[in-house]
1. Sort 318-326, 206-214, 8-16 by the packing proxy (mean of other Cβ within 10 Å over each peptide's residues), most packed first.
2. Would you kindly calculate the translational diffusion coefficient of region 236-369, applying Stokes-Einstein with the Kirkwood radius from alpha carbon pairs, for 25 °C and a viscosity of 0.890 mPa s, and quote it in µm² s⁻¹ without decimals?
3. Is any helix in the chain, taking whole DSSP H runs, at least 24 angstrom long along its axis by alpha carbon and on average at least -0.5 on the Kyte-Doolittle scale, and which ones?
4. Give me the Kirkwood hydrodynamic radius of the chain, using the inverse of the mean 1/r over all pairs of distinct Cα atoms, in Å to one decimal.
5. Mind checking the dipole of the chain: about its Cα centre, +1 per Lys or Arg Cβ, -1 per Asp or Glu Cβ, Debye to the nearest 20?
6. Quick one: what are the phi-derived ³J(HN,Hα) couplings along region 339-350, Karplus 6.51/-1.76/1.60 with θ = phi - 60°, whole Hz, x for glycine and proline?
7. Cα to Cα, under 18 Å, and not fewer than 8 places away if on the same chain: which aspartates and glutamates meet these conditions relative to Lys137?
8. Just how large is the dipole of region 1-99 about the Cα centre, in debye to the nearest 20, putting +1 at every Lys and Arg Cβ and -1 at every Asp and Glu Cβ?
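The values are calculated or read from the model by the stated rules, or taken from the named source; none is laboratory data. These numbers come from a predicted model, not from an experiment. Methodologically, a virtual Cβ is constructed for each residue, glycine included, from the backbone with ideal geometry; neighbour enumeration extends over all protein chains shown. The area values use the complete protein model at the heavy-atom level, side chains included, leaving out ligands, DNA and RNA. Shrake-Rupley method; radii C 1.70, N 1.55, O 1.52, S 1.80 Å.
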Amino acid sequence: MTFDLVLKNGEIVFPGVGVKRGSIGITGGKIAAILDPSEAAEGARVIDCTDRWIMPGAIDPHTHVGFGAKEEDWTTESRTAALGGVTGLMTFWRSDDLAASTPGWQADGEARSVIDFGFHFGVTARRHAEDFPALAKRFGVTSLKVYLMYKGATGRAKGFDEVDDALLFAALKAGAQVKGGVVGVHCENTEVIPVFRDPVKAASRMDLGAWDDQSPGFLETENVFRVAFFGEKAGCPVNIVHMSAGESLDLVERMRGPDRPAINVETCIHYLCLTRESPLGDIGKVNPPLRSQADADRLWEGVRTGSVSTIGSDHVARKLATKGPDIWSASAGFPGIAQILPALVSEGFHKRGIAIETLAAATSANVAKLYNLPNKGQIAPGFDADLAVIDPDGKTAVTHADYPSHSDYSPYEGMTFRGSVTHTVLRGRVIAEAGALAPDLGTAGGHYMFRAN
Ligand SMILES: [Zn+2]
């Protein structure tokens, strides 16, 4: 058989299933055949994948494109992602008037992104929830995000004055009306934060741990209860995005049940690989905060069992200059999209013995399933040929200068992960190889992922 591209004799990682040696034949951007090692496979190009994993390309479920340099982020951050074996991203689109603004943002992405992309709509006003069923149909968006940390004064400082529990419930009701609808929530009880923040500030604390102490993990857990409980009453699946606290996962596991809507859990690589003790200073400021090693250990256990079903980066590409002058005034969030796969291979597979097919599910198949991404996240005939080839023992020494990101630092700077991405394939095209973008990459090529509902 002859194909456009053959990934030959690799260890094919089937998400959630296992690993099997073989070759993948790709034609017309789709996976055309999965062949035994003994079967002949010819192609216009053949890549020898001996001793390499062939995984589905990662789909980052949690990014903030546009927070760095507006539409330029589509260029810089999608290229950064491609170098990390990421073939798709989901980003939060927040706007007063979603109906009017979404086509332009989608067009910006189509004109600049080199990987596929989709949107979650941010709900900051009641009408966003009310309009969601119509917006979902029109734009193919089945996921919402509510920011409970923008309640009250915190939200008003950002120009949002409608964020409250009524908005949460309205969003859940709207989500329940959409086929495949899911409401993601940033869980952090912002009303209680001052009780902790005032004394920590009064003590002139400037360390990274102070950021955790001013918003301890159980303030996330408290919101998780509310979201899961209201989700059940509204009949809407929920997603606890960027879960940071071990106690939050304990609670979710107690609340889950066969007769109620799903309580999905997403975490991010920084809650697994970094802690409040990491030597990051102000760079490590993020919401929710980095927690303790015990929290990270609990989340890893959730990854191992599948209780944590998706893993992203919460990638925000701002400049290092915004990460100071102290922990209180530094911007929150940092970049990380290119580190997802190396970090999980190194810390999850090598260090903790978590099966690679489990990690692959959390970075691809589960994301595609949760967000109804068409033809994504599986290695099977007919699916888009979005693939990452990984050298399990290759070294990834992280330095921000290796990536074209708008941001000029990395919280993983200086860390060396065991595991490296050797090829990234998007719909049958090699878009990155051996740490470099493909010479014929061009300036666009990413498709908008419209999700039927
Ligand atoms: Zn958030």
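1. Result, highest mean first: 8-16, 206-214, 318-326.
2. Details: Rh = 15.4 Å.
Answer, rounded: 160 µm²/s.
3. On the way: long enough: 217-234 (26 Å, 0.17).
Sorted by number, the helices that extend far enough and score high enough are 217-234.
4. Values: mean 1/r = 0.0456 Å⁻¹.
By the Kirkwood definition, the hydrodynamic radius is 21.9 Å.
5. Numbers: 45 positive and 55 negative charges, 136 e Å.
Here the size comes out at about 660 debye.
6. Couplings: 9, 3, 5, x, 5, 6, 5, 5, 7, x, 6, 5 Hz.
7. Asp97
8. Values: 9 positive and 14 negative charges, 56 e Å.
Dipole magnitude for region 1-99 comes out near 280 debye.
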